[in-house]
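Enquirer: Structure below; questions to follow.
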Amino acid sequence: MDLSSQKSPLAPRYWGDETGPGGVWGIYLKKVRYHPSSSYTNGENDDTVSHLEWETIKVKSLKAGTLDVIVASLADDQGELDPNVAHIVLSTFRSFATTRRLLDSIIQRYTAIKESKIKVAEDTERGHLSALLQTLSEWIDKYPEDFFAPPDHDDLLELQRFVNLWAPSSSVERKIQSRVKEFRAKKSARFFEPKSWINEYSRDQMKIALQFEDIDNKHFALQLTWMDMTLFKRLVPYHCLAHRMKKDERYGETYNDTVKQFNSVVRKVISMIVMGGAEVKVTQRAEVLTKWIEIADELRYVKNFTSLKAIIAALQSNDIYRLSRVWQAVPKEKAQRFSELAAIFSEDNNEMNARSLLLKEGTAKTADWKPDRANSKSPKNNKTHHFNHQPTISGTIPYLGTFTKDLTMTDSALPETTKHPDGSVLINFEKKRREFEILANIRILQGSANSYQIQPDPAFLVWFDSIEILREDESYELSCEIEPPNPITIKETNSRSEGLRRSTSVNDAVAFGHRKNPSTSSTSSSSCALYSQDLQSTSDVSSMQSLAVGVADSSGLGSLSDSRLSQSTCSLSLTRNGLSTNGRLVGSPGSRNPEVHIAKVSIAQTGVTPQQGQNLYKSIFLSNRERTQQVIKVSLEKFNITDDPGNYILAQQGPDGQEIVIPPDTNVFYAVNKSFDLNFVLKHRSLQRPTGPSLLKHKSSSMSLLLRRKF
């Protein structure tokens, strides 16, 4: 997904790689307008000059390098600052260097050029020095938190000493002086203060009592949007980098605030619907559920996809979705509108619907959507809370889970380091470039969020903050009190999932996406697929996979989507590193989870033939951390074959007998062609290799497509 302008037909074309000391560069050929020399314009003989309109030039792009080589690339061969490299470095360096390490590298290069220890062309020396100072200026201006380290702020003082020596009275020096004063005056030990909605208002405003049914739906949506907008605008995009969040908590603070708000909305929606248990009439509960659908409808209209996703996730959670009698009492047109809203977040084709909407409406002034207000049950006018009914707005707040998923896919597909031909280890700068492209899209949408003109309603914020949030086990118990589970299916489901409830860890929960019946298969259960769904460790996935395969074997693959499994539940919420669960197996409606696929594996080996009644294929769970040898090993175990996985090759079967060989050390989850069914065949290396295109050729184009997120 790329929210920037379309690529020019004159875009550079890849020509090859070039290696040098400490780095590897990609060489591209770029077609540019030909500019004749000044002598031609001054009257040079027409016969002695070329009349070319275009010329091809060679462009170098750093693919991998040491930190010093990356710093040297901040300026191009002409000594001009390369803004792309500067933005990439400042947005992503925290995964491969500390603030002091990067600062030292910049200072050392600047000093070496000044003292002629590094030779650069004389006419470009000033440009190289200026590029380094511009980078420092951008760093202290846009990322001051990197230098905030109370009480001494050593890195900032080191930068100040350097600038005082080499660039006194410069704009950089003035910025540093301002930051020093700001940091010393700051009383808190945290740069990013946690956001609270009610601390800013007086006690008198807190006394205003509101009733859920009396709040205008549009006003409700606008106030949720104001909260999400505030958090989204203060979000630091690099805080979304999944691998970075796991290393240093302070680098995920602004992202964590958005996660907490998302979870808060999910839990409050669930709590408000099940509150009161069996004492509340079905029709009354259906009215509450219907109002949430109407609020979601308004959120779609104002392009707030974060709270929209949260409400959809809550309504698709097992605690709510299993309440069949309540859903039957929801007006038919509202149930249909809910299905349309849920389809936005369908996980089919890598969330194609949500991505297409962001491309189409991300920076647009209006939404291609009209809320169904004609069929809304409006509150009585004398009770309705409007708060200066506000004008139509035109910003966009995306669901950040789409971007964190892309970041995690990139992190899984590309290594952090690569090897130089001389054996040295290089930072994979191409990976950093891919990550920056995703973060840049977030920045574009942050600019769009500035278009919102919404005033906060203190009474609403205080009321919303005071809503009681039930624990996951409490909401499930109330759900079962409202509509008790079928005792016949409880016994079957409990025996099937008891071991799973005991063994499933926090991050394992993501593997089990909600299952729907056929009538609702087009929508997505996204309550089990939220922001940080992709951050499970390899060990977590391995244990989950073996457990899940056991379940599939014991009950049959079809039983995983059996309606009886809907009695088993999973109440999920977001945490900083992923999902938490109360331990109940997922069973509420939803489509397949994008991080685990069910694949079929058959085997072709001399002397191995299926016995009568034996399956011709086995089913395995393919997670996003599984490499080729692990998949082969699991598949052999399924066929009770004890042999070295290295003796086998794995190939994906396509239409018309086409087979695509998976390379030996590849992340199979991202390497496969998902336009085909996930059918694999294992072949012993002694047999003839599969015909058809090799993945070595297919992979470069498909992986490029994957990483550019143009699905």
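One line per residue, one yes/no per condition, for (1) outside the structural domain of Gln446 (by TED's automatic domain parsing); (2) surrounded by 23 or more Cβ atoms within 10 Å (Cβ to Cβ); (3) in a helix (DSSP H, G or I); (4) at pLDDT below 95:
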{"residue": "Ile270", "(1), (2), (3), (4)": "no, yes, yes, no"}
{"residue": "Ser307", "(1), (2), (3), (4)": "no, yes, yes, no"}
{"residue": "Ala314", "(1), (2), (3), (4)": "no, yes, yes, no"}
{"residue": "Val330", "(1), (2), (3), (4)": "no, no, no, no"}
{"residue": "Glu340", "(1), (2), (3), (4)": "no, no, yes, yes"}
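Enquirer: Given the conditions (1) more than 26 Å from Val59 (Cβ to Cβ); (2) touching a Pro at 6+ places or on another chain (Cβ under 9 Å), report the number of the one that Ser91 does not fulfil.
Expert: (1)
Enquirer: Let me ask something else about it. Out of the residues in the range 240-268 that are at pLDDT 95 or above and aliphatic (A, V, I, L, M), state the one that is surrounded by the fewest Cβ atoms within 10 Å (Cβ to Cβ).
Expert: Step by step, filter the range 240-268, then rank; the result is Val265.
Enquirer: Something else now. Does Ser196 qualify as being of a type outside the set (D, E, K, R) and modelled with pLDDT under 90? Spell out the reasoning first.
Expert: Details: of a type outside the set (D, E, K, R): yes; modelled with pLDDT under 90: yes.
Considered against the rule, which asks whether it is of a type outside the set (D, E, K, R) and modelled with pLDDT under 90, Ser196 comes out as yes.
Listed here are the residues, each with its yes/no results for (1) buried (at least 17 other Cβ atoms within 10 Å of the Cβ); (2) in a helix (DSSP H, G or I); (3) not assigned by TED's automatic domain parsing to the domain that holds Arg300.
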| residue | (1), (2), (3) |
| --- | --- |
| Gly395 | yes, no, no |
| Pro415 | no, no, no |
| Pro421 | no, no, no |
| Leu426 | yes, no, no |
| Arg433 | yes, yes, no |
| Ile442 | yes, yes, no |
| Tyr452 | yes, no, no |
| Asp473 | no, yes, yes |
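Enquirer: Check the range 305-319 and report whether any residue there is farther than 30 Å from Asn450 by Cα and among the acidic types (Asp, Glu).
Expert: For the range 305-319, residues farther than 30 Å from Asn450 by Cα and among the acidic types (Asp, Glu): present.
Enquirer: Looking at this structure, is Glu481 part of a helix (DSSP H, G or I), surrounded by fewer than 14 Cβ atoms within 10 Å (Cβ to Cβ) and modelled with pLDDT of 65 or more?
Expert: Yes, satisfied.
Enquirer: Let me ask another. Out of the residues in the range 635-688 that are in contact with a Lys or Arg (Cβ under 7 Å, 6 or more places away or on another chain) and of a type in the set (D, E, K, R), state the one that is nearest to Ala604 (Cα to Cα).
Expert: Among them, the one singled out is Lys638.
Enquirer: Pick from the range 14-55 the residues that are among the acidic types (Asp, Glu) and either assigned to a helix (DSSP H, G or I) or more than 30 Å from Leu426 (Cβ to Cβ) (or both): which of them is modelled with the lowest pLDDT?
Expert: Initial filter on the range 14-55 (among the acidic types (Asp, Glu)): 17-18, 44, 46-47, 53, 55.
So of that shortlist, the ones also either assigned to a helix (DSSP H, G or I) or more than 30 Å from Leu426 (Cβ to Cβ) (or both) come out as 44, 46-47, 53, 55.
Numbers: Glu44: 53, Asp46: 57, Asp47: 57, Glu53: 76, Glu55: 80.
Filtering the range 14-55 for residues that are among the acidic types (Asp, Glu) and either assigned to a helix (DSSP H, G or I) or more than 30 Å from Leu426 (Cβ to Cβ) (or both), the one modelled with the lowest pLDDT comes out as Glu44.
Enquirer: Among the residues of the range 629-644, is there at least one that is in a strand (DSSP E or B), in the same structural domain as Ile603 (by TED's automatic domain parsing) and touching a residue at least 40 places away in the same chain (Cβ under 8 Å)?
Expert: Here is the first cut: in the range 629-644, the residues in a strand (DSSP E or B) are none.
Checked against the condition, which is being in a strand (DSSP E or B), in the same structural domain as Ile603 (by TED's automatic domain parsing) and touching a residue at least 40 places away in the same chain (Cβ under 8 Å), the range 629-644 yields no hits at all.
Enquirer: Additional query: Could you please let me know if Val668 is aliphatic (A, V, I, L, M), modelled with pLDDT of 80 or more and more than 24 Å from Asp348 (Cα to Cα)?
Expert: no
Enquirer: All but one of (1) modelled with pLDDT of 80 or more; (2) surrounded by fewer than 16 Cβ atoms within 10 Å (Cβ to Cβ); (3) of a type in the set (A, V, I, L, M, F, W, C) hold for Phe676; state the number of the condition that does not hold.
Expert: All conditions pass for Phe676, except number (1).
Enquirer: Another question, if that's okay. Determine whether the range 687-707 contains at least one residue that is over 25 Å from Glu437 (Cβ atoms), surrounded by fewer than 18 Cβ atoms within 10 Å (Cβ to Cβ) and at pLDDT 80 or above.
Expert: Within the range 687-707, not a single residue is over 25 Å from Glu437 (Cβ atoms), surrounded by fewer than 18 Cβ atoms within 10 Å (Cβ to Cβ) and at pLDDT 80 or above.
Enquirer: Oh, and also: If you check Val266 against the conditions, is it in contact with a strand residue (DSSP E or B) (Cβ under 8 Å, 6 or more places away or on another chain) and assigned by TED's automatic domain parsing to the domain that holds Tyr238? Break it down into steps so the answer makes sense when it comes.
Expert: Values: in contact with a strand residue (DSSP E or B) (Cβ under 8 Å, 6 or more places away or on another chain): yes; assigned by TED's automatic domain parsing to the domain that holds Tyr238: yes.
It is true that Val266 is in contact with a strand residue (DSSP E or B) (Cβ under 8 Å, 6 or more places away or on another chain) and assigned by TED's automatic domain parsing to the domain that holds Tyr238.
The values are calculated or read from the model by the stated rules, or taken from the named source; none is laboratory data. Just so you know, these numbers come straight off a predicted model, no measurement behind them. Reconstructed Cβ throughout: ideal geometry from the backbone, glycine too, with neighbour counts over all protein chains shown.
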